[in-house]
């Protein structure tokens, strides 16, 4: 009887371990949302409004559209939509304007010139 009990506990622990090792559905939705956000880009007019601070993470600017997503059926899933909006907002907040790139390039040129003068 004790051997049967031990085998039963061992069997259940092996099965239970494999059940807990499976990934959650939210992880899969997160991967899909990240992949779909790669196609997302705000229009110039919307980007100007965003940069003025008139929109936030829940704004309709970051709402997924059927043309931006790989599976339009996911648009009905509130978890997916929330993740998509968060990733789209994050992607947009990391975008730099042309002026920022000009400043960075100018700083590199100045530093290169200074280092060239120092080495002479």
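The values are calculated or read from the model by the stated rules, or taken from the named source; none is laboratory data. Remember, it's a predicted structure, so these values are computed and weren't measured experimentally. No Cβ is skipped: glycine too gets one built from the backbone with ideal geometry, and neighbour counts run over all protein chains shown.
Output the number of the condition that residue 78 fails; it satisfies all remaining conditions of (1) surrounded by fewer than 11 Cβ atoms within 10 Å (Cβ to Cβ); (2) at pLDDT 90 or above.
(2)
Do any helices (runs of 4 or more DSSP H) entirely within region 1-69 hold 3 or more residues that are modelled with pLDDT under 70, and if so, which? Explain how you work it out, then say what you get.
Details: elements: 2-20, 25-37, 44-51.
Ranges flagged: 2-20.
Only residues in region 31-56 that are closer than 23 Å to residue 75 by Cβ count as the first member; pair them with residues that are at pLDDT 80 or above and surrounded by fewer than 14 Cβ atoms within 10 Å (Cβ to Cβ), Cβ under 8 angstrom, at least 6 apart or cross-chain, and list the lot.
Close Cβ pairs (under 8 Å, with a partner that is at pLDDT 80 or above and surrounded by fewer than 14 Cβ atoms within 10 Å (Cβ to Cβ)) amount to 32/70; 32/71; 35/70; 36/70.
Would you tally the residues in region 57-84 being free of Cβ contacts under 8 Å to residues at least 12 places away in the same chain, in contact with a helix residue (DSSP H, G or I) (Cβ under 7 Å, 6 or more places away or on another chain) and under 21 Å from residue 94 (Cβ atoms)?
Residues flagged as free of Cβ contacts under 8 Å to residues at least 12 places away in the same chain, in contact with a helix residue (DSSP H, G or I) (Cβ under 7 Å, 6 or more places away or on another chain) and under 21 Å from residue 94 (Cβ atoms) within region 57-84 amount to 0.
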